[in-house]
Amino acid sequence: MKIIEIKNLYKIYNETEVEVKAVNGIDLNFEKGEFAAIVGPSGSGKTTLLNLLGGLDAPTSGDISVDGTSLGKLKSSKLIDFRMNNIGFVFQAYNLIPVLTAKENVEFIMHLQGKSKKERDARTKELLTAVGLEDRINSRPTKLSGGQQQRVAVARALASKPKFVLADEPTANLDSKSTENLLDIMERLNKEEGTTFIFSTHDQRVVNKARRVITIEDGKIISDEKKN
Amino acid sequence: MIWSVSWRNVWRNKMRSGVVITAVSLGVFAGVFAMAFMQGMAKQRVDSAIKTETSHIQIHTPEYVNVNDIENYFTNTEELFENIAADPSTVAVSKRVIVSSIISSAEKGGGVRLIGIEPERESEVTNIKERLIEGNYLEPLKRGLPAVIGNKLAEKLDVRLGSKLVVGLLDVNSQPIYHQFRVSGIFKTASAPYDETTVFVNYSDLTSITKMPKDAAHEMAVLLSDNELSGLMASELKQGFPNLNIMEWFDVLPELKYMTESMDVYMYIFILIILLALGFGIVNTMLMVVLERVKELGMLMAVGMNKRRVFSMIMLETVFLSLTGGVLGLVLGTGFSEFFETHGLDLSGLYKEGLEAMGYDTIVYTNILPEMIITVTLMVIMTGIIASIYPARKALKLNPAEAIRTDN
């Protein structure tokens, strides 16, 4: 079942009068439950593509539809709600709220969604247990290691039960052990929850785990391999 | 959750928030204390004027209000007296005969208001008896008729206790009369002009000298248990005695009412200026906060925090920051004001003469009112809300995709 359809997507920047085609005519689909990596050299357009997929940036032309909803047709306020309910984000620098504990960080989006305390508590416990941080639920981010923070970020991304999770270089700041651990957790959650994960990465370890590897260069897809 | 995040954000940079909170608390403290001080001064002036000069209600004939002539008196005063005294809000009533006259000692002379009073009743209405600094309150003398004068008049006429005074006036038939009195007491109130132009004599002496009827009066003064009751009593009297003119204290001394009201306005303007200055400091701090948290704000917007919530979060943080300082300042200001409300602030060493000349006491008892605290709290909250608008708008203009990738 297709959950993301990208049609003829362009993102063109006019920097200093020289046109930069960061995304140059991409057609791409993602199925439910995929564990996909978008790879390519720096400046190839990975992050731009991820931003467009996440509705954080608008394409110059083309269309992205998620489960039949065209992102380009949503008004700004509707798009924010759409992101909240359908897309999970994991960032390179974890980006947790420093004044909140691990539990509160995971709960935050559910608060915004207006979910009941009972529901929030159950989901938070479930996710923090799944990422192996059940004993650190009351720790603030500054008391957690980079790997632990990124695990909280993964739990947060999944808290709203999104259709897919976008992870922009999630392992870039982690050591090998933490990376391996994080990838295992994400792979497990991908299977258990059926949530689609899409990474942009340079990291070969992520590429090795991914079941689909999309390579882009100069804003174009040059290969799209699915592993068995 | 947003409330909790905003409150915790206040304490992220303790030093910076501490500086802002200290500034706000000092500003609010200064404002509140200044208000309590001015309010206290005004209240004392009003209370003193009521107790010494006007009482709460004054009753005259309409003609007397227009022209203070001796013939504009009213009679049947005892009936009126009984009627007013029966009201539970009445503390005391007294009747007065007031005659403009010329007074002279052996050395000097001047114009005064000669007020004929019944000392016992009058002492319950006005506090002149307590303000006596020498002599007694119109007790009979072996020779001559007693007169109580203000210390300023005594200085002006160069007289002492027992000195002779000659009073020149017109009686009810407009015949000039000169009569001799002796100084039996000297008083001193907070108002120097009053002390220089007022002479008290016995009611019976003055009615007899001026050939007025035995129960005549130019003025009846009523003291009530509370300043706020004067309106009710005045309207009752207006209904019951339509032929008489009923005045409340502020009708008698309108400038006192304007002064009290304008002082309130000045004080709120003063606090507004303090808060305006503090507001700019708060805007600056919150701008720094927003610029430091670009990445975090970008993340919040990305994961689904809409503009209204981002705005609320920054606004709440600003209000919490301002209000923490505001509450501290209010506690300090109220504490100091409460202390000086009972102990009094002695200004006699600073500008005694000036204060007395304007009718103010030199020891000021501050007066803090609950509505002042509520108004100042609301003003601080408003300052926080207004100060948050610019930084919050800055935050809303962030592009989440770019914000997430910045270094802050």
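Using R0 = 51 Å, the C-beta based FRET efficiency linking A:VAL20 and B:GLU371 works out to 0.20. With all pairs of different C-alpha atoms in the average, the Kirkwood value for the hydrodynamic radius of chain B is 25.4 Å. Computed about its Cα centre, the charge dipole of chain B is approximately 2320 debye, with only Lys, Arg, Asp and Glu carrying charge at their Cβ. Cross-link reach is defined here as a Cα-Cα straight distance under 17 Å, omitting same-chain residues fewer than 8 places apart; for B:LYS108 the aspartates and glutamates meeting it are B:GLU155, B:ASP158, B:ASP195, B:GLU196.
In the protein assembly as shown, Rg over Rh equals 1.33, where Rg is the alpha-carbon radius of gyration and Rh the Kirkwood radius from pairwise Cα distances. Each Lys and Arg contributes +1 and each Asp and Glu -1, all at the Cβ; summed about the Cα centre of segment B:62-243, the dipole is approximately 880 debye.
Between segment B:358-400 and segment A:5-76, the alpha-carbon centres lie 48 Å apart. Cross-link reach is defined here as a Cα-Cα straight distance under 30 Å, omitting same-chain residues fewer than 8 places apart; for A:LYS226 the lysines meeting it are A:LYS2, A:LYS7, A:LYS11, A:LYS21, A:LYS32, A:LYS46, A:LYS161, A:LYS163, A:LYS177, A:LYS191, A:LYS209.
Considering only B:ILE102, B:THR61, B:ALA154, and ranking their Cα positions along the charge dipole of segment B:55-156 that arises from unit charges at the beta-carbon of Lys, Arg, Asp and Glu, the one farthest toward the positive end is B:ALA154. Taking every full run of DSSP H in chain B, the ones that stretch at least 18 Å from end to end by Cα along their long axis and average 0.5 or higher on the Kyte-Doolittle scale are B:14-49, B:254-292, B:307-343, B:370-396. Measuring r between the beta carbons of A:LYS227 and B:MET382 and using R0 = 51 Å, the FRET efficiency lands at 0.25.
Legend: mean number of C-beta atoms from other chains within 10 angstrom of residue C-beta atoms, peptide B:296-302, equals 5. Residues in segment B:218-225 carry Karplus couplings, in order, of 8, 8, 10, 10, 10, 9, 10, 6 Hz; the curve used is 6.51 cos²θ - 1.76 cosθ + 1.60 with θ = phi - 60°, and Gly or Pro positions show x. The GluC sites (Glu not before Pro) of segment B:102-205 meeting both criteria, a DSSP state outside H, G, I, E and B (loop) and at most 10 other C-beta atoms within 10 angstrom of the site's C-beta, are B:GLU107.
On the principal axes of its alpha-carbon atoms, segment B:62-243 has extents of 49, 36, 29 Å, going from largest to smallest.
As a calculated quantity, the FRET efficiency between B:GLU63 and B:ASN136 at R0 = 35 Å, using C-beta atoms, amounts to about 0.50. A simple spin-label model places pseudo-atoms 7 Å from Cα toward Cβ; at A:GLU180 and B:ALA85 they are separated by 10.6 nm. The radius of gyration of the Cα set in segment B:150-260, together with its Dmax, comes out at 17.6, 47 angstrom. Dipole orientation for the protein assembly as shown: of the candidates A:PHE199, B:MET38, A:GLY40, A:GLY40 has the Cα lying most toward the positive pole (charges on Cβ; Lys, Arg +1; Asp, Glu -1). Between B:LYS43, B:LYS152, B:LYS108, the GNM of chain B built on Cα springs shorter than 10 angstrom shows B:LYS108 fluctuating the most. Run the paramagnetic zone check for B:LEU161: 7 angstrom along Cα to Cβ, then residues of segment B:177-198 with backbone nitrogen under 14 Å. The answer is B:183-188, whose backbone nitrogens lie closer than 14 Å to the label point. The amide H of B:LEU345, built 1.01 Å from its N in the peptide plane, has B:VAL364, B:TYR365, B:THR366 as neighbours under 5 Å, considering only residues 5 or more places off or on other chains. Once the chain from B:THR22 to B:GLU261 is taken as fully extended at 0.36 nm per residue, the excess over their C-alpha distance is 82.9 nm. Shape class for segment A:15-84, computed from the alpha carbon gyration tensor (a ≥ b ≥ c): oblate, with a/c not under 1.5 and a/b at or below b/c. Diffusion coefficient (Stokes-Einstein, Kirkwood radius over C-alpha pairs, 20 °C, 1.002 mPa s) for chain A: 119 µm²/s, rounded to a whole number. Note on B:MET288 and B:SER208: their simple-model spin labels are 8.2 nm apart, each label 7 Å out from Cα toward Cβ. Peptide A:98-109 has a mean shielding of 3, counted as Cβ atoms of other protein chains within 10 Å of each residue's Cβ. Per-residue mean of foreign Cβ neighbours for B:2-9 is 3 (Cβ atoms of other chains, 10 Å radius).
Output needed: percent of Cα pairs per 5 Å distance bin for segment B:315-408, bins running from 0 to the one holding the longest distance. Final binned percentages: 3, 12, 13, 12, 11, 11, 10, 8, 6, 5, 3, 3, 3, 1, 0. Quick check: Cα centre of segment B:150-224 to Cα centre of segment B:297-335, how many Å? That distance is 65 Å.
Using Cβ point charges alone (K and R +1, D and E -1), the dipole size of the protein assembly as shown about the Cα centre works out to roughly 3460 debye.
Since every read-out is calculated from the coordinates, none of them should be taken as a lab result. Computed from a prediction, not measured in an experiment: that's the story for all the values here. All Cβ positions, glycine included, derive from the backbone under ideal geometry; neighbour counts span all protein chains shown.
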